[in-house]
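Trainee: Please see the structure below; I have some questions.
The values are calculated or read from the model by the stated rules, or taken from the named source; none is laboratory data. Computed from a predicted structure; not experimentally measured. As a convention, Cβ positions derive from the backbone with ideal geometry for all residues, glycine included, and neighbour counts pool all protein chains shown. We work out accessible area using only protein heavy atoms, side chains counted, and drop any ligands, DNA or RNA first. Shrake-Rupley method; radii C 1.70, N 1.55, O 1.52, S 1.80 Å.
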Amino acid sequence: MNAVHTKPGRGRLARIIEEFEEGIIAFLLGAMTLLTCTNVIMRYGFNSSIIWSLETVLVLFAWLVLFGIAYGFKITAHLGVDAVINLLPPRGRRVVALIACAASLAYGVLLLKGAWDYWAPFADLPKTTGTWLPTGFDTQARTTSYFETDQIPMFDWLRFLEGWINYDERYSKMPRVIPYLILPISAVLILFRLIQATIRVWKGESDSLIVSHEAEEAVADAAHLNRELS
């Protein structure tokens, strides 16, 4: 089992952070469900609808998925195929796991660069230069901070963005910089969680980035319990 053990003395902080992350995930899922159900009731019960509901749910779903990817690395919840890896001796499995960690870290760096380069113009910030790794900032890149969402309304408490990134031009809808903010945030979290997972593998606290064999054991335990109850 690839259980993640919390170090003594850091248990309380780790629990607080984990509860915070789980709270965000629960909030996003709950908000999606509430908006969808409300819109269905209004449409079929009152022949009306919340016009911005669908786009908001799409944004919340994207946030849920991207935030959940990073959280999945934290709790070792990502599935994978380890049929061949399990045939190797413990030392071989550890070597393969470290190779997988190195490849994942490289991908995480590329993902972070791509996420920043996509989001930065919406925030009136420069993209990075370089094909694979950032070599600087392209200050001549065209800004797209004036791009807005299609239907999501603009909140008054976000009006400060008009002066910060939109040259005092008024937004009629929420600017895309807000929903797209999850891109760099999730990329940073994913890279951070990959570093944590790599450290666990390096220290011998875990032997894989995936949970497939644990899932198989869970299914087998459930099947055994079902047979007993039958």
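Trainee: Using only Cα atoms, tell me the angle between helix 212-229 and the longest principal axis of the chain; keep it within 0 to 90° and round to the nearest 10.
Mentor: 70 degrees
Trainee: Dividing the convex hull volume of the alpha carbon atoms of segment 54-171 by its residue count, what do you get in Å³ per residue?
Mentor: Numbers: hull volume 18.0 nm³, N = 118.
Per-residue hull volume (Cα only) is 153 Å³.
Trainee: What are the residues whose amide H is under 5 Å from the amide H of residue 138, where those residues sit 5 or more places off or on another chain and H is modelled from the backbone?
Mentor: 127, 128, 129
Trainee: Sticking with this structure for a sec: Which whole number in µm²/s is D for segment 37-84 by Stokes-Einstein, with the Kirkwood Rh taken over Cα pairs at 20 °C and 1.002 mPa s?
Mentor: Details: Rh = 13.5 Å.
My calculation gives 159 µm²/s for D.
Trainee: So what is the 222 nm mean residue ellipticity for the chain from helices alone, if each DSSP H run of at least 4 adds -39500 (n - 2.57) and you divide by all residues, rounding to the nearest 500 deg cm²/dmol? Don't skip to the answer; put the middle values down first.
Mentor: Details: 6 runs with 134 residues, N = 230.
Result for the chain, helices only: -20500 deg cm²/dmol.
Trainee: Pick from 187, 83, 97 the residue whose mean-square fluctuation is largest in a GNM of the chain, springs joining Cα atoms under 10 Å.
Mentor: 83
Trainee: Determine the sum of side-chain charges near residue 134: Lys and Arg each +1, Asp and Glu each -1, restricted to other residues whose C-beta is under 14 angstrom from that of residue 134. Walk me through the numbers before you get to the answer.
Mentor: Numbers: positive: 113, 127; negative: 117, 138.
Net of charged neighbours comes to 0.
Trainee: For segment 17-96, just list the percent of Cα-Cα distances falling in each 10 Å bin from zero outward, please.
Mentor: 16, 29, 21, 18, 9, 5, 1
Trainee: For the chain, give the percent of accessible area contributed by carbon and sulfur heavy atoms, probe 1.4 Å, rounded to a whole number. All intermediate terms of the calculation are to be shown ahead of the outcome.
Mentor: Details: 9950 of 14830 Å².
Looking at the chain in its full context, I get 67 percent from C and S.
Trainee: Something else: Express the relative contact order of the chain as a whole percentage, based on alpha carbon pairs under 8 Å and six or more residues apart in sequence.
Mentor: Details: 245 pairs, mean separation 61.6, N = 230.
After rounding, I find 27 percent.
Trainee: Pairing the Cα long axis of helix 11-46 with the longest principal axis of the chain, what angle in degrees results, from 0 to 90 and rounded to the nearest 10?
Mentor: Tilt relative to the chain: about 50 degrees.
Trainee: Mind checking Rg over Rh on the chain, alpha carbons, Kirkwood formula for Rh?
Mentor: Numbers: Rg = 22.2 Å, Rh = 21.0 Å.
Reported Rg/Rh (Cα atoms, Kirkwood Rh): 1.06.
Trainee: Here is a follow-up. I want to verify a result. In a Gaussian network model of the chain, Cα cutoff 10 Å, which of these has the top mean-square fluctuation: 36, 143, 135?
Mentor: The residue with the greatest mean-square fluctuation here is 135.
Trainee: Could you state the angle between the C-alpha long axis of helix 53-74 and the longest principal axis of the C-alpha atoms of the chain, as a value from 0 to 90 degrees rounded to the nearest 10?
Mentor: Computed tilt is about 30 degrees.
Trainee: Can you list residues from other chains, or at least 5 along the same chain, whose modelled amide H is less than 5 Å from the amide H of residue 174?
Mentor: Close amide H contacts, sequence-distant or interchain: 149, 152, 154.
Trainee: Kindly report the accessible area of segment 1-145 per residue (heavy atoms of protein chains, probe 1.4 Å, no ligands, DNA or RNA), in Å².
Mentor: Working: 9660 Å² over 145 residues.
For segment 1-145, the solvent-accessible area averages 67 Å² per residue.
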